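Read-outs throughout are calculated quantities, based only on the coordinates presented, and are distinct from any laboratory measurement. Nothing here was measured: the structure is a model prediction, and the numbers come from that model. Using ideal geometry, Cβ is built from the backbone for each residue, glycine included, and neighbour counts are taken over all protein chains shown.
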Amino acid sequence: MRRMTFRLVFLFLLFIIGWISLSCAETGHYILSEDDTQASPEEAVRNARDYLANRPDWKIDCSHFVLACYHSGKMNRYLKHQRGNHNLVRDLNNYLDGLHTRKTHAADIRPGDILIFNKTYDINHDGHIDDKDLYTHAGIVENYQNFLVTYIDASDDRKPPRIHLRRFSFTDDKFNETVARDPATGRKIHARETFHAAYGVQ
């Protein structure tokens, strides 16, 4: 009888652990140790490409996607200490800004750089998408040539596939896709307009 009770308790615990694991996977968060060694920019790009190829439907938000690609203990420690702030893209921007690695010129952008965007949606819920909607999206540069930025990003709000390869040009409107539409006016908002900064990662 005791053996059967022990088995039932053990099976119940396995079920609960499995259910929690599935629930965590669906939250769109990437959890790691604060001691994890940070990937190099080249490794982060490889990780992003791997997720794009093999986990395109992963329900993960943009900031946690960046964290998953870099699996940086330092970055994770900083973001965990900002829990009172619900805008993780702003926290990520502040962390990167503190490294003093912001690219001053577009020509300095390199694969593995982290991109920060504004105005990709109405983050302050005032019915407009405008200059008040700051730190709304992030992605990782996959390639950069002749002022054309190719990047990989994720959004847990997208219909699958949630991980995309995207691009915009600083000079050519042919590569400047519509990323949002102002709900108040219907005005199309293009990728280049939403670009805020590119940061190297140390």
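Taking the alpha-carbon centroid of each part, what is the distance from region 81-141 to region 160-196 in angstrom? Centre-to-centre (Cα) distance: 15 Å.
When Rg and Dmax are taken over the Cα atoms of region 91-178, they come to 13.8, 37 Å.
When the dipole is taken about the Cα centre of region 141-202, and only Lys, Arg (+1) and Asp, Glu (-1) are charged at their Cβ, what size is it in debye, to the nearest 20? Mind showing how you got there, number by number?
Details: 10 positive and 9 negative charges, 38 e Å.
Here the size comes out at about 180 debye.
With 26 Å as the limit, the listed pairs 74/159; 80/188; 74/188; 59/80; 74/132 have 74/159; 80/188; 74/188; 74/132 beyond it between alpha carbons. Rounded, prolate or oblate: which fits region 50-196 when a ≥ b ≥ c are the square roots of the eigenvalues of the alpha-carbon gyration tensor, with rounded for a/c under 1.5 and prolate only if a/b beats b/c? Rounded shape, in that the Cα axes give a/c under 1.5. Between beta-carbons, use under 13 Å as the cut-off and find the net charge around residue 170, counting Lys and Arg +1, Asp and Glu -1. Taking every Cβ under 13 Å from that of residue 170, the sum is 0.
What is the sum of charges around residue 133, taking Lys and Arg as +1, Asp and Glu as -1, for the other residues whose C-beta is under 11 Å from the C-beta of residue 133? It would help to have the intermediate numbers written out before the result.
Details: positive: 119, 132; negative: 122, 126, 130, 131, 182.
Net of charged neighbours comes to -3.
Local charge for residue 95 was computed over the other residues whose Cβ lies under 13 Å away, with Lys and Arg +1 and Asp and Glu -1, and equals +3.
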